[in-house]
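The values are calculated or read from the model by the stated rules, or taken from the named source; none is laboratory data. What you see is a predicted model, and the numbers here were worked out from it, not measured in a lab. Glycine gets a Cβ as well: all are built from the backbone with ideal geometry, and neighbour counts include every protein chain shown. Heads up: the accessible areas ignore ligands, DNA and RNA and are worked out on the full protein's heavy atoms, side chains in. Shrake-Rupley method; radii C 1.70, N 1.55, O 1.52, S 1.80 Å.
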Amino acid sequence: MGTTAKEEMARFWEKNTKSNRPLSPHVTIYKWSLPMAMSITHRGTGVALSLGVSVFSLATLLLPEQFPHYLAMVKSLSLGPALIFSAKFALAFPFTYHTWNGIRHLV
């Protein structure tokens, strides 16, 4: 007859306690390095791009008006140049970083 998950976990911890093996170190003991930060940023920009394309695609399918209508709406808000530059940077950075980091990886 099979054992329950609780019994299996109890047996696992009992075996590890008896063997006096060290536990795996926690993430906080590692020193951050440039490749580690670049890898995390690459994954983050990939997720952001995937979500962005998905949201934009759904919006084009579900919103009633055409794109020029929404563009005119944003222009009518009269946002300052600093906010417009920040928004453009927030849109361009993930694409640029992810593309160039992917090319670097392939080379």
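Would you mind working out the accessible area per residue for the chain, using a 1.4 Å probe, and quoting it in Å²?
I get 92 Å² per residue for this part.
Could you tell me which helices of the chain pass both thresholds, a Cα extent of 24 Å or more along their own axis and a mean Kyte-Doolittle hydropathy of at least -0.5, with helices taken as whole DSSP H runs?
Span-like helices here: 34-62, 81-106.
Can you give the helix-only mean residue ellipticity at 222 nm for the chain, where every DSSP H stretch with n ≥ 4 adds -39500 (n - 2.57) and the sum goes over all residues, rounded to the nearest 500 deg cm²/dmol?
On the way: 4 runs with 79 residues, N = 107.
Here the helix-only value at 222 nm equals -25500 deg cm²/dmol.
For a protection proxy built on the mean count of beta-carbon atoms within 10 angstrom, sort 22-32, 71-81 highest first, please.
Values: 22-32: 6.5, 71-81: 9.1.
Most protected by this proxy first, the peptides run 71-81, 22-32.
Using a 1.4 angstrom probe on heavy atoms only, work out the carbon and sulfur share of the accessible area of the chain in %. Don't skip to the answer; put the middle values down first.
Numbers: 7080 of 9840 Å².
For the chain, the apolar C and S fraction of the accessible surface comes to 72 percent.
Take peptides 37-43, 11-17 and line them up by average Cβ neighbours within 10 Å, highest first, as a rough protection proxy.
The packing order, highest mean first, is 37-43, 11-17.
Over the Cα atoms of the chain, compute the convex hull volume and normalise it per residue, giving Å³.
288 Å³
Check cross-link reach from Lys15 to the lysines: straight Cα distance under 23 Å, and skip same-chain residues fewer than eight apart.
Excluding near neighbours in sequence, the set is Lys6.
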